[in-house]
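One structure is given below, encoded as C-alpha coordinates.
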Amino acid sequence: MLKKIFAMIFCALLAMPSHAELKVDIVAGNVSPVAIALQKVEFGKGVAKADAEMVRSVVENDLKSTGLFRLINQDAYPQFVKFNDMPDFKLWETIRAQVLVQSKMTKQKNNMYKLEFYVWDMAGKEQIEAQSLAASKKSIRRMAHLMADAIYERLTGEVGYFDTQIVFIAETGDVSNRVKRMAIMDQDGFGMRYLSDKNTFVMSPRFSPNMRTIVFLSYRDDKPMIWTLDLDTGAQRRLGEFGGMNFAPRFSPDGTKVAMSLVRGGDTHIFEYNINTHELKQLTFGHSLNTSPSYSPDGMQLAFNSDKSGSQQIHVMDLNTGTEERITFGAGRYATPAWSPDGQFIAFTKIADDTFYIGIMGPDGKREKILAGGWYMEAPSWAPGSRRLVYYETEKSGDGMDRMSHLRSVDITGMNIYDIELPDGVNGVEPTWSPKLQ
(Lines give C-alpha, C1' and ligand atoms only; values in the text may rest on other atoms or scores of the structure.)
Protein backbone atom coordinates (compact mmCIF):
# COMPACT_ATOMS: atom_id res chain seq x y z
CA MET A 1 0.00 0.00 0.00
CA LEU A 2 2.65 2.40 0.96
CA LYS A 3 6.15 2.30 -0.50
CA LYS A 4 8.41 5.15 0.46
CA ILE A 5 6.20 8.09 1.37
CA PHE A 6 8.68 10.32 -0.38
CA ALA A 7 12.03 9.85 -2.09
CA MET A 8 14.63 12.45 -1.18
CA ILE A 9 18.32 12.98 -1.76
CA PHE A 10 20.29 15.51 0.24
CA CYS A 11 23.17 17.26 -1.44
CA ALA A 12 26.18 18.57 0.44
CA LEU A 13 26.00 21.98 2.06
CA LEU A 14 27.17 24.68 -0.28
CA ALA A 15 28.83 26.61 2.49
CA MET A 16 29.28 26.36 6.24
CA PRO A 17 27.04 28.84 8.08
CA SER A 18 28.62 31.70 10.00
CA HIS A 19 27.94 32.19 13.68
CA ALA A 20 25.67 35.23 13.72
CA GLU A 21 24.00 36.66 16.83
CA LEU A 22 20.53 36.44 15.32
CA LYS A 23 18.54 33.93 17.37
CA VAL A 24 14.83 33.51 18.05
CA ASP A 25 13.63 32.86 21.61
CA ILE A 26 11.09 30.09 21.11
CA VAL A 27 10.07 29.85 24.78
CA ALA A 28 9.04 33.45 25.47
CA GLY A 29 5.33 33.96 24.91
CA ASN A 30 5.56 37.62 23.93
CA VAL A 31 8.54 37.50 21.57
CA SER A 32 8.42 39.91 18.62
CA PRO A 33 8.31 37.95 15.36
CA VAL A 34 11.46 38.04 13.24
CA ALA A 35 10.88 39.94 10.01
CA ILE A 36 11.76 37.73 7.02
CA ALA A 37 11.95 38.74 3.37
CA LEU A 38 11.29 35.52 1.46
CA GLN A 39 12.03 36.28 -2.17
CA LYS A 40 10.27 34.50 -5.01
CA VAL A 41 11.98 31.31 -6.13
CA GLU A 42 14.02 31.82 -9.28
CA PHE A 43 13.64 28.94 -11.71
CA GLY A 44 15.51 27.60 -14.71
CA LYS A 45 14.54 25.83 -17.92
CA GLY A 46 12.28 22.82 -17.37
CA VAL A 47 10.88 24.09 -14.07
CA ALA A 48 7.22 25.09 -14.08
CA LYS A 49 6.43 28.52 -12.67
CA ALA A 50 3.64 26.94 -10.60
CA ASP A 51 6.15 24.62 -8.91
CA ALA A 52 8.44 27.53 -8.02
CA GLU A 53 5.51 29.50 -6.63
CA MET A 54 4.32 26.46 -4.68
CA VAL A 55 7.73 26.10 -3.01
CA ARG A 56 7.67 29.70 -1.83
CA SER A 57 4.07 29.37 -0.62
CA VAL A 58 4.80 26.21 1.40
CA VAL A 59 7.88 27.74 3.04
CA GLU A 60 5.96 30.93 3.84
CA ASN A 61 3.02 29.06 5.38
CA ASP A 62 5.32 26.82 7.43
CA LEU A 63 7.22 29.75 8.91
CA LYS A 64 4.11 31.87 9.52
CA SER A 65 2.37 29.01 11.34
CA THR A 66 4.94 29.12 14.16
CA GLY A 67 4.08 32.67 15.20
CA LEU A 68 7.83 33.34 15.43
CA PHE A 69 8.25 34.97 12.04
CA ARG A 70 6.65 37.88 10.17
CA LEU A 71 6.80 37.46 6.40
CA ILE A 72 7.28 40.87 4.79
CA ASN A 73 4.97 41.60 1.85
CA GLN A 74 6.87 41.28 -1.40
CA ASP A 75 5.52 44.62 -2.61
CA ALA A 76 7.62 46.31 0.08
CA TYR A 77 10.95 44.82 -1.05
CA PRO A 78 13.42 47.59 -2.03
CA GLN A 79 15.15 45.33 -4.58
CA PHE A 80 15.18 41.81 -5.98
CA VAL A 81 18.51 40.16 -5.21
CA LYS A 82 19.40 37.68 -7.91
CA PHE A 83 20.67 34.33 -6.73
CA ASN A 84 24.42 34.42 -6.02
CA ASP A 85 24.34 38.26 -5.76
CA MET A 86 24.95 40.13 -2.52
CA PRO A 87 22.06 42.15 -1.11
CA ASP A 88 22.41 45.90 -0.60
CA PHE A 89 22.07 45.84 3.18
CA LYS A 90 21.38 49.58 3.48
CA LEU A 91 18.37 49.29 1.19
CA TRP A 92 16.87 46.50 3.31
CA GLU A 93 17.28 48.56 6.48
CA THR A 94 14.48 50.81 5.23
CA ILE A 95 11.89 48.04 5.70
CA ARG A 96 13.55 46.63 8.84
CA ALA A 97 14.12 43.20 7.35
CA GLN A 98 16.08 40.98 9.73
CA VAL A 99 16.43 37.98 7.42
CA LEU A 100 16.57 37.64 3.64
CA VAL A 101 16.09 34.32 1.87
CA GLN A 102 17.18 33.75 -1.75
CA SER A 103 16.38 30.55 -3.62
CA LYS A 104 16.60 28.98 -7.05
CA MET A 105 15.19 25.77 -8.52
CA THR A 106 16.64 24.00 -11.56
CA LYS A 107 15.94 20.78 -13.40
CA GLN A 108 18.86 18.37 -13.72
CA LYS A 109 19.72 16.05 -16.61
CA ASN A 110 18.55 13.05 -14.57
CA ASN A 111 15.10 14.71 -14.23
CA MET A 112 15.71 15.50 -10.57
CA TYR A 113 14.96 18.99 -9.29
CA LYS A 114 17.54 20.95 -7.34
CA LEU A 115 16.56 23.63 -4.83
CA GLU A 116 19.32 25.95 -3.60
CA PHE A 117 18.81 28.65 -1.00
CA TYR A 118 20.77 31.22 0.99
CA VAL A 119 19.79 32.81 4.31
CA TRP A 120 21.17 36.25 5.18
CA ASP A 121 21.37 37.97 8.57
CA MET A 122 20.74 41.55 7.50
CA ALA A 123 21.97 43.20 10.70
CA GLY A 124 25.13 41.09 10.76
CA LYS A 125 25.55 41.57 7.00
CA GLU A 126 26.49 37.93 6.51
CA GLN A 127 25.21 34.72 5.03
CA ILE A 128 24.27 32.31 7.83
CA GLU A 129 22.93 29.31 5.89
CA ALA A 130 23.40 27.82 2.42
CA GLN A 131 21.99 24.49 1.32
CA SER A 132 21.18 22.50 -1.78
CA LEU A 133 18.43 19.86 -1.88
CA ALA A 134 17.41 17.49 -4.67
CA ALA A 135 14.20 15.52 -5.23
CA SER A 136 11.98 13.99 -7.87
CA LYS A 137 9.06 16.04 -9.17
CA LYS A 138 6.56 14.29 -6.88
CA SER A 139 8.65 15.33 -3.87
CA ILE A 140 9.04 19.04 -4.65
CA ARG A 141 6.55 19.93 -1.92
CA ARG A 142 8.51 17.91 0.60
CA MET A 143 11.66 19.73 -0.50
CA ALA A 144 9.94 23.00 0.41
CA HIS A 145 9.20 21.66 3.91
CA LEU A 146 12.88 20.75 4.25
CA MET A 147 13.87 24.27 3.24
CA ALA A 148 11.52 25.67 5.90
CA ASP A 149 13.01 23.27 8.46
CA ALA A 150 16.53 24.48 7.64
CA ILE A 151 15.54 28.14 8.05
CA TYR A 152 13.68 27.41 11.29
CA GLU A 153 16.54 25.38 12.74
CA ARG A 154 19.13 28.02 11.84
CA LEU A 155 17.14 30.84 13.43
CA THR A 156 15.89 29.01 16.54
CA GLY A 157 18.54 26.37 17.22
CA GLU A 158 15.71 23.84 17.61
CA VAL A 159 14.64 20.79 15.59
CA GLY A 160 12.32 21.63 12.71
CA TYR A 161 8.99 19.84 12.37
CA PHE A 162 7.64 20.81 8.95
CA ASP A 163 8.89 17.66 7.19
CA THR A 164 6.58 15.44 9.23
CA GLN A 165 3.21 13.74 9.02
CA ILE A 166 0.18 13.22 11.22
CA VAL A 167 -1.80 9.98 11.49
CA PHE A 168 -5.31 10.28 12.90
CA ILE A 169 -8.82 8.89 12.87
CA ALA A 170 -10.95 10.50 10.17
CA GLU A 171 -14.67 10.48 10.99
CA THR A 172 -17.35 10.96 8.36
CA GLY A 173 -21.11 10.69 8.30
CA ASP A 174 -23.91 11.50 10.72
CA VAL A 175 -22.95 11.89 14.37
CA SER A 176 -25.15 8.90 15.31
CA ASN A 177 -23.43 6.61 12.81
CA ARG A 178 -19.92 7.88 12.21
CA VAL A 179 -17.49 5.94 10.03
CA LYS A 180 -14.00 5.87 11.56
CA ARG A 181 -11.00 5.33 9.26
CA MET A 182 -7.31 5.69 9.87
CA ALA A 183 -5.77 8.44 7.72
CA ILE A 184 -2.40 10.08 7.21
CA MET A 185 -1.37 13.50 5.89
CA ASP A 186 1.44 16.04 5.94
CA GLN A 187 1.59 18.14 9.11
CA ASP A 188 -0.02 21.06 7.27
CA GLY A 189 -3.01 18.94 6.19
CA PHE A 190 -1.86 18.33 2.60
CA GLY A 191 -2.25 14.97 0.87
CA MET A 192 -4.65 13.22 3.24
CA ARG A 193 -5.26 9.58 2.35
CA TYR A 194 -6.89 6.66 4.10
CA LEU A 195 -4.97 3.73 5.57
CA SER A 196 -7.96 1.59 6.55
CA ASP A 197 -11.32 0.76 5.02
CA LYS A 198 -14.69 2.01 6.19
CA ASN A 199 -15.81 -1.40 7.42
CA THR A 200 -13.20 -1.74 10.19
CA PHE A 201 -13.51 0.34 13.35
CA VAL A 202 -10.06 1.68 14.33
CA MET A 203 -8.66 3.87 17.11
CA SER A 204 -5.44 5.11 18.74
CA PRO A 205 -2.88 5.04 15.87
CA ARG A 206 0.77 5.54 16.92
CA PHE A 207 3.94 5.75 14.83
CA SER A 208 6.99 3.60 15.44
CA PRO A 209 10.22 5.57 15.98
CA ASN A 210 11.49 4.72 12.48
CA MET A 211 8.20 5.75 10.80
CA ARG A 212 7.77 2.36 9.10
CA THR A 213 5.00 0.96 11.29
CA ILE A 214 1.80 2.17 12.89
CA VAL A 215 0.33 0.36 15.87
CA PHE A 216 -3.41 0.81 16.45
CA LEU A 217 -6.54 -0.58 18.04
CA SER A 218 -8.91 -2.41 15.70
CA TYR A 219 -12.33 -3.92 16.39
CA ARG A 220 -12.63 -7.12 14.40
CA ASP A 221 -15.34 -9.67 15.18
CA ASP A 222 -16.44 -7.25 17.91
CA LYS A 223 -13.15 -7.75 19.74
CA PRO A 224 -10.79 -4.81 20.43
CA MET A 225 -7.31 -5.99 19.50
CA ILE A 226 -3.98 -4.34 18.76
CA TRP A 227 -2.71 -4.49 15.20
CA THR A 228 0.22 -3.10 13.26
CA LEU A 229 0.35 -1.60 9.78
CA ASP A 230 3.54 -1.74 7.70
CA LEU A 231 3.73 1.60 5.88
CA ASP A 232 6.06 0.19 3.20
CA THR A 233 3.91 -2.79 2.19
CA GLY A 234 0.47 -2.05 3.62
CA ALA A 235 0.46 -5.40 5.42
CA GLN A 236 -1.52 -5.62 8.66
CA ARG A 237 -1.05 -8.17 11.39
CA ARG A 238 -2.28 -8.74 14.90
CA LEU A 239 0.41 -7.88 17.42
CA GLY A 240 -0.18 -10.93 19.60
CA GLU A 241 -2.72 -13.18 21.29
CA PHE A 242 -3.19 -11.54 24.68
CA GLY A 243 -6.69 -12.59 25.68
CA GLY A 244 -9.38 -10.16 26.77
CA MET A 245 -9.71 -6.55 25.72
CA ASN A 246 -6.43 -4.80 24.82
CA PHE A 247 -6.03 -1.15 23.83
CA ALA A 248 -3.99 2.12 24.13
CA PRO A 249 -0.79 0.87 22.46
CA ARG A 250 2.42 2.90 22.22
CA PHE A 251 5.91 2.04 20.96
CA SER A 252 9.00 2.29 23.15
CA PRO A 253 11.63 4.82 21.96
CA ASP A 254 13.79 2.05 20.46
CA GLY A 255 10.84 0.42 18.72
CA THR A 256 11.39 -3.01 20.30
CA LYS A 257 8.45 -2.94 22.73
CA VAL A 258 4.83 -1.86 22.83
CA ALA A 259 3.16 -0.76 26.06
CA MET A 260 -0.60 -1.34 26.20
CA SER A 261 -3.57 -1.80 28.50
CA LEU A 262 -5.15 -5.23 28.99
CA VAL A 263 -8.39 -6.01 30.83
CA ARG A 264 -8.09 -9.07 33.06
CA GLY A 265 -10.33 -10.13 35.92
CA GLY A 266 -12.22 -6.85 35.86
CA ASP A 267 -9.06 -4.76 36.27
CA THR A 268 -7.21 -2.82 33.59
CA HIS A 269 -3.43 -2.92 33.79
CA ILE A 270 -0.49 -1.86 31.67
CA PHE A 271 1.62 -4.55 30.07
CA GLU A 272 4.77 -4.37 27.95
CA TYR A 273 5.12 -6.62 24.92
CA ASN A 274 8.58 -7.39 23.52
CA ILE A 275 8.24 -7.58 19.73
CA ASN A 276 11.42 -9.65 19.30
CA THR A 277 10.98 -12.20 22.11
CA HIS A 278 7.14 -12.11 22.24
CA GLU A 279 7.39 -11.79 26.02
CA LEU A 280 4.47 -10.07 27.76
CA LYS A 281 5.33 -8.37 31.05
CA GLN A 282 2.79 -6.93 33.50
CA LEU A 283 3.80 -3.48 34.82
CA THR A 284 0.91 -2.32 37.05
CA PHE A 285 -0.98 -4.27 39.71
CA GLY A 286 -3.90 -3.95 42.14
CA HIS A 287 -7.59 -3.26 41.64
CA SER A 288 -7.58 -0.17 39.47
CA LEU A 289 -7.83 1.14 35.93
CA ASN A 290 -4.44 1.96 34.40
CA THR A 291 -4.06 3.14 30.81
CA SER A 292 -2.55 5.64 28.31
CA PRO A 293 1.10 4.61 28.75
CA SER A 294 3.81 6.93 27.38
CA TYR A 295 7.55 6.23 27.53
CA SER A 296 10.15 8.82 28.48
CA PRO A 297 12.57 9.53 25.60
CA ASP A 298 15.29 7.39 27.21
CA GLY A 299 12.89 4.48 27.72
CA MET A 300 13.63 4.37 31.45
CA GLN A 301 10.27 5.65 32.71
CA LEU A 302 6.61 5.31 31.83
CA ALA A 303 3.87 7.88 32.40
CA PHE A 304 0.26 6.66 32.58
CA ASN A 305 -3.07 7.56 34.12
CA SER A 306 -4.58 5.55 36.96
CA ASP A 307 -7.55 5.79 39.31
CA LYS A 308 -5.86 3.93 42.15
CA SER A 309 -5.93 7.11 44.30
CA GLY A 310 -9.70 7.41 43.86
CA SER A 311 -9.68 9.69 40.82
CA GLN A 312 -7.98 9.67 37.45
CA GLN A 313 -4.43 10.98 37.91
CA ILE A 314 -1.05 10.71 36.17
CA HIS A 315 1.64 8.44 37.60
CA VAL A 316 5.25 7.87 36.53
CA MET A 317 6.92 4.46 36.85
CA ASP A 318 10.63 3.65 36.95
CA LEU A 319 10.86 0.69 34.57
CA ASN A 320 14.03 -0.65 36.19
CA THR A 321 12.67 -0.85 39.73
CA GLY A 322 8.93 -0.91 39.12
CA THR A 323 8.39 1.89 41.64
CA GLU A 324 5.80 4.47 40.70
CA GLU A 325 4.77 7.92 41.90
CA ARG A 326 1.64 9.98 41.45
CA ILE A 327 2.62 13.37 40.01
CA THR A 328 -0.68 15.27 39.58
CA PHE A 329 -2.48 16.83 42.53
CA GLY A 330 -4.31 19.78 40.96
CA ALA A 331 -8.07 20.20 40.97
CA GLY A 332 -9.75 17.86 38.51
CA ARG A 333 -8.84 14.66 36.70
CA TYR A 334 -5.76 14.10 34.51
CA ALA A 335 -5.36 11.72 31.58
CA THR A 336 -3.56 10.88 28.30
CA PRO A 337 0.01 11.78 29.29
CA ALA A 338 2.49 12.26 26.44
CA TRP A 339 6.19 12.67 27.12
CA SER A 340 7.92 15.34 25.01
CA PRO A 341 10.80 14.21 22.74
CA ASP A 342 13.31 16.27 24.73
CA GLY A 343 12.09 14.84 28.06
CA GLN A 344 11.36 18.24 29.60
CA PHE A 345 7.56 18.05 29.60
CA ILE A 346 4.60 15.72 29.91
CA ALA A 347 1.52 16.88 28.01
CA PHE A 348 -1.88 15.91 29.38
CA THR A 349 -5.64 16.24 29.19
CA LYS A 350 -7.29 17.76 32.26
CA ILE A 351 -11.00 17.66 33.13
CA ALA A 352 -12.23 20.20 35.69
CA ASP A 353 -15.47 22.16 36.17
CA ASP A 354 -17.08 20.52 33.12
CA THR A 355 -14.27 21.79 30.88
CA PHE A 356 -11.50 19.92 29.09
CA TYR A 357 -7.98 21.35 28.94
CA ILE A 358 -4.72 20.56 27.16
CA GLY A 359 -1.65 21.36 29.23
CA ILE A 360 1.98 20.59 29.94
CA MET A 361 4.00 20.07 33.12
CA GLY A 362 7.43 18.90 34.20
CA PRO A 363 8.05 15.15 34.62
CA ASP A 364 7.69 15.70 38.38
CA GLY A 365 4.22 17.21 37.94
CA LYS A 366 5.37 20.75 38.73
CA ARG A 367 5.16 23.85 36.51
CA GLU A 368 1.72 22.99 35.18
CA LYS A 369 0.66 25.22 32.28
CA ILE A 370 -2.70 25.14 30.52
CA LEU A 371 -2.44 25.70 26.76
CA ALA A 372 -6.05 25.36 25.57
CA GLY A 373 -9.52 24.68 26.94
CA GLY A 374 -12.96 23.85 25.58
CA TRP A 375 -16.07 21.69 25.65
CA TYR A 376 -14.16 18.52 24.75
CA MET A 377 -10.51 18.14 23.79
CA GLU A 378 -8.06 15.30 24.20
CA ALA A 379 -5.06 13.32 22.91
CA PRO A 380 -2.07 15.70 22.84
CA SER A 381 0.87 14.52 20.73
CA TRP A 382 4.26 16.19 20.32
CA ALA A 383 6.00 17.44 17.22
CA PRO A 384 9.74 16.75 16.90
CA GLY A 385 11.66 19.42 18.76
CA SER A 386 9.12 19.60 21.61
CA ARG A 387 7.79 23.06 20.72
CA ARG A 388 4.32 22.23 19.38
CA LEU A 389 1.53 19.78 20.13
CA VAL A 390 -1.37 18.53 18.07
CA TYR A 391 -4.67 17.57 19.71
CA TYR A 392 -8.32 17.34 18.78
CA GLU A 393 -11.21 19.48 19.93
CA THR A 394 -14.87 18.56 19.56
CA GLU A 395 -17.50 21.28 19.46
CA LYS A 396 -21.26 20.78 19.59
CA SER A 397 -23.74 22.72 17.49
CA GLY A 398 -26.19 25.16 18.96
CA ASP A 399 -28.96 22.56 19.12
CA GLY A 400 -26.57 19.94 20.49
CA MET A 401 -27.51 17.49 17.74
CA ASP A 402 -24.21 17.57 15.87
CA ARG A 403 -20.51 17.32 16.70
CA MET A 404 -17.59 18.79 14.80
CA SER A 405 -14.08 17.58 15.66
CA HIS A 406 -11.04 19.60 14.60
CA LEU A 407 -7.34 18.88 14.68
CA ARG A 408 -5.52 21.80 16.25
CA SER A 409 -1.92 22.71 16.97
CA VAL A 410 -0.58 24.87 19.79
CA ASP A 411 2.90 25.82 20.97
CA ILE A 412 4.25 25.47 24.51
CA THR A 413 3.58 29.14 25.29
CA GLY A 414 -0.15 28.55 24.78
CA MET A 415 -0.11 30.88 21.77
CA ASN A 416 -0.37 30.37 18.02
CA ILE A 417 -3.28 27.92 18.05
CA TYR A 418 -4.37 27.03 14.53
CA ASP A 419 -6.63 24.51 12.82
CA ILE A 420 -5.18 21.90 10.50
CA GLU A 421 -7.43 22.00 7.47
CA LEU A 422 -9.15 18.73 6.57
CA PRO A 423 -11.26 17.88 3.51
CA ASP A 424 -14.92 18.92 3.64
CA GLY A 425 -17.03 16.54 5.69
CA VAL A 426 -14.08 15.01 7.53
CA ASN A 427 -13.76 15.27 11.31
CA GLY A 428 -10.38 14.54 12.88
CA VAL A 429 -9.73 12.85 16.24
CA GLU A 430 -6.84 11.08 18.00
CA PRO A 431 -3.93 12.64 16.08
CA THR A 432 -0.34 11.49 16.46
CA TRP A 433 2.57 13.56 15.16
CA SER A 434 5.30 11.61 13.41
CA PRO A 435 9.04 11.78 14.04
CA LYS A 436 11.09 13.53 11.35
CA LEU A 437 10.63 11.71 8.05
CA GLN A 438 13.48 9.50 6.88
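The values are calculated or read from the model by the stated rules, or taken from the named source; none is laboratory data. A quick note: this is a predicted structure, and the numbers were derived from the prediction, not measured. So basically every Cβ, Gly included, is an ideal-geometry build from the backbone, and we count neighbours across all protein chains shown.
Listed here are the residues, each with its yes/no results for (1) β-branched (Val, Ile, Thr); (2) more than 23 Å from Pro380 (Cβ to Cβ).
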{"residue": "Arg237", "(1), (2)": "no, yes"}
{"residue": "Asp254", "(1), (2)": "no, no"}
{"residue": "Asp267", "(1), (2)": "no, yes"}
{"residue": "Ser292", "(1), (2)": "no, no"}
{"residue": "Tyr295", "(1), (2)": "no, no"}
{"residue": "Val316", "(1), (2)": "yes, no"}
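With respect to the conditions (1) closer than 22 Å to Thr432 by Cβ; (2) within 21 Å of the chain's Cα centre (by Cα), Ile351 falls short on a single one, namely (2). Assess whether Glu53 counts as being within 23 Å of the chain's Cα centre (by Cα) and either buried (at least 19 other Cβ atoms within 10 Å of the Cβ) or touching a residue at least 12 places away in the same chain (Cβ under 8 Å) (or both). Against the criterion (within 23 Å of the chain's Cα centre (by Cα) and either buried (at least 19 other Cβ atoms within 10 Å of the Cβ) or touching a residue at least 12 places away in the same chain (Cβ under 8 Å) (or both)), Glu53 does not qualify.
Considered as a group, the residues in the stretch 150-163 that are in contact with an Asp or Glu (Cβ under 8 Å, 6 or more places away or on another chain), part of a helix (DSSP H, G or I) and in contact (Cβ under 8 Å) with a residue 60 or more places away in the chain include one that is nearest to Ala37 (Cα to Cα), and that residue is Ile151.
Close Cβ contacts (under 6 Å, 6 or more residues apart or on different chains) running from residues in the stretch 202-221 that are touching a residue at least 60 places away in the same chain (Cβ under 8 Å) and under 16 Å from Ala235 (Cβ atoms) to residues that are hydrophobic (A, V, I, L, M, F, W, C) and assigned to a strand (DSSP E or B) comprise Pro205/Val167; Pro205/Met182; Pro205/Ile214; Pro205/Phe216.
Against the test of being within 24 Å of Ser409 (Cβ to Cβ) and of a type in the set (Phe, Trp, Tyr), the options Phe242, Phe251 yield a single qualifying residue, Phe251. Of the set (1) among the aliphatic types (A, V, I, L, M); (2) out of contact with any Pro (no Cβ under 9 Å at 6 or more places or on another chain); (3) closer than 23 Å to Phe329 by Cα, all apply to Ile270 but (2). For the stretch 272-324, the strands (runs of 3 or more DSSP E) that sit wholly inside it and include 2 or more residues that are touching a residue at least 40 places away in the same chain (Cβ under 8 Å) are 290-295, 301-306, 313-318.
Applying the criterion of being of a type in the set (Lys, Arg) and more than 18 Å from the chain's Cα centre (by Cα) to the residues of the stretch 190-222, the residue that is farthest from Gly428 (Cα to Cα) is Arg220.
Checking each residue in the stretch 62-82 for being in contact with a strand residue (DSSP E or B) (Cβ under 9 Å, 6 or more places away or on another chain), within 25 Å of Ile420 (Cβ to Cβ) and in contact (Cβ under 8 Å) with a residue 24 or more places away in the chain picks out Leu63, Ser65, Thr66, Gly67, Leu68, Phe69, Arg70, Leu71. If only residues of the stretch 408-424 that are in contact with a helix residue (DSSP H, G or I) (Cβ under 9 Å, 6 or more places away or on another chain) and among the polar types (S, T, N, Q) are counted, the one that is nearest to Gly173 (Cα to Cα) is Ser409. Just checking, does the stretch 239-247 include any residue being among the charged types (D, E, K, R), in the same structural domain as Arg181 (by TED's automatic domain parsing), more than 25 Å from the chain's Cα centre (by Cα) and farther than 21 Å from Pro380 by Cα? Yes: one or more hits. Scanning the stretch 139-176 for residues that are closer than 23 Å to Val426 by Cβ, surrounded by 20 or more Cβ atoms within 10 Å (Cβ to Cβ) and polar (S, T, N, Q) returns Thr164, Gln165.
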